[in-house]
């Protein structure tokens, strides 16, 4: 089969907006505004320096940069040269960075000064050269500055066109089981994701101001915030380190019209709203990454006078697969309907070697096919073959589809708790606890138990000023949850452990619980 002659590049997202809306503000970071024309000019200079370093078509280049203007500059500079971007989670340690560099085959690491301690350590282990950004001044003992090399180089003229299925990015999944896997995103999948988002999924245009609080090294922030906003010629207002108070202050000052976040960010915004009466002119919020309790959606509507539209996706699906489309009243508690051109169905979890689709309303595994699928896992043909069966991506998430095509996630297959032979879905219990006015955040998880197999535990963060007790919470949840699935133990905690993308790390809660139990067990018992 001929592959044809069509070409495409994710770099065109920035280039075309710089040509068509050069004076529009692309980025706001603190007091600094950067127009599209300026951002493309700076990117061309960075690309000139990277070209002189040997970056060309197909060269993997890693970047370890927080939410500052250097992220898009470096990201689009690599892509403009036809290189492959390997974004690294900003919270990783040296050995974890070494793994990503080696696994991806990265030939260079561009690292922001605040992250050099771990970044340089990881690069040294992997034997990969480092270029810095944001170093205040040149220092012979530290990596060379990309800014200096950019000034000394000749800027590139324009970007290199690529084949539609050439790899544009390698994004590493969190690695909840085994070592992280690098999902390869094609230029076609990433560009089509943005076009579909703008045409039929989100309602975003040139005048919008989008809060960029989601980490850009993660697929949600990178594609849905940065690439989509830049394709629309909108403005991304960046927040390098998210807190509810800082985000609300920035949204008020910058008059943000769209907020994108994961559930933990919405909890934080509701908490921040209790300390100031000022509200930004939000048209809507977008939530993904994990299920958002219906009670939080309702509270947000009251406090911020706007709707939250929930969607669903994964790194492997570029990321959005389903969404409560903007313009249609969202159905709280659902992840919406499949996006344009993408099929999302429910398959039998018991059948591994092929896809057996289930009828409407039945519980099974969400499977996805369409233009948004990754090329595969980098250098992992066996893992790719397990994940993509008969052209469908197996998500590992359990859910249902109703007669209107709306999908509901019940839980991750691996988060499901098996107590006395009964399946317990943590999300169901979290929904109930989140409805208590004294609860700000909650995570429900299973821990090993001698007689029941697993026992159910909830960790709860209380809302500001709340004085609710464990007994009151237990009584509250017992009223609405069957006897076999309410938590036998509720712990009130200061904070929940979060991953770099803002997801609650339940495995850390389980590990901490098990460690406590073991340390308190009597000797010999």
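Read-outs: derived from the displayed coordinates by stated rules, not from any lab. All values derive from a computational prediction rather than experimental measurement. Cβ coordinates were reconstructed from backbone atoms using ideal geometry, including for glycine residues, and neighbour counts include every protein chain displayed.
What is the helix-to-structure angle for 244-254, meaning the angle in degrees between its Cα long axis and the longest Cα principal axis of the chain, kept from 0 to 90 and rounded to the nearest 10?
50
Please say if region 338-401 is rounded, prolate or oblate, where rounded means a/c under 1.5 for a ≥ b ≥ c the square roots of the C-alpha gyration tensor eigenvalues, and otherwise the choice is prolate for a/b larger than b/c and oblate otherwise?
Working: a/c = 2.45, a/b = 1.38, b/c = 1.78.
Judged from the Cα gyration tensor, region 338-401 comes out oblate (a/c at least 1.5, b/c at or above a/b).
By its C-alpha gyration tensor, with a ≥ b ≥ c as the square roots of the eigenvalues, how is region 1-189 shaped: rounded for a/c under 1.5, else prolate for a/b larger than b/c, else oblate?
oblate
Between residue 160 and residue 253, what's the calculated FRET efficiency when r is the beta-carbon distance and R0 is 56 Å? Round to 0.05.
0.90
Label 7 Å along Cα→Cβ of residue 121; region 499-522 residues with amide nitrogen under 20 Å?
In region 499-522, the label zone of residue 121 (backbone N under 20 Å from the point 7 Å along Cα→Cβ) covers 499-501.
Students often check this: by mean Cβ neighbours within 10 Å, which of 59-71, 493-505 ranks highest, and how do the rest follow?
The packing order, highest mean first, is 59-71, 493-505.
Once both axes come from the Cα atoms, what is the angle between helix 506-520 and the longest principal axis of the chain, in degrees from 0 to 90, rounded to 10?
Here the helix axis deviates by roughly 50 degrees.
First measure r as the distance between the Cβ atoms of residue 468 and residue 379, then evaluate 1/(1 + (r/R0)^6) with R0 = 45 Å and state the FRET efficiency to the nearest 0.05.
Approximately 0.35, to the nearest 0.05.
Mind ordering 336-342, 300-306 by average Cβ neighbours within 10 Å, highest first? If you can, show how the numbers build up before the last one.
On the way: 336-342: 20.6, 300-306: 15.6.
Highest mean packing first, the order is 336-342, 300-306.
What FRET efficiency comes out for the pair residue 148/residue 389, r = Cβ-Cβ distance, R0 = 56 Å, nearest 0.05?
Result of the calculation: an efficiency of 0.65.
How far is the Cα center of region 130-199 from the Cα center of region 321-384, in Å?
27
Cα axis of helix 116-126 to longest principal axis of the chain: angle in degrees, 0 to 90, nearest 10?
Helix 116-126 sits at roughly 80 degrees to that axis.
Among 350-358, 262-270, how do they line up by average Cβ neighbours within 10 Å per residue, starting with the highest? Let's see the in-between values first.
Numbers: 350-358: 12.1, 262-270: 23.6.
Put in order of decreasing packing, that is 262-270, 350-358.
Could I have the simple spin-label model distance between residue 283 and residue 199, label points 7 Å from Cα toward Cβ, reported in nm to one decimal?
It is 1.9 nm.
Compute the length gained on full extension between residue 519 and residue 37: take 0.36 nm times their separation in residues and subtract their Cα-Cα distance, giving the result in nm to one decimal.
The residue 519-residue 37 span can extend by a further 167.5 nm.
Can you tell me how much longer the chain between residue 362 and residue 6 gets when fully stretched, taken as 0.36 nm per residue apart minus their C-alpha distance, in nm with one decimal?
Once the chain is fully extended between residue 362 and residue 6, it gains 124.1 nm.
Students often get this wrong: which residues of region 237-269 have the backbone nitrogen under 17 Å from the point 7 angstrom along Cα-to-C-beta of residue 275?
Once the point is set 7 Å along Cα→Cβ of residue 275, 240-253, 265-269 turn out to lie under 17 Å by backbone N, inside region 237-269.
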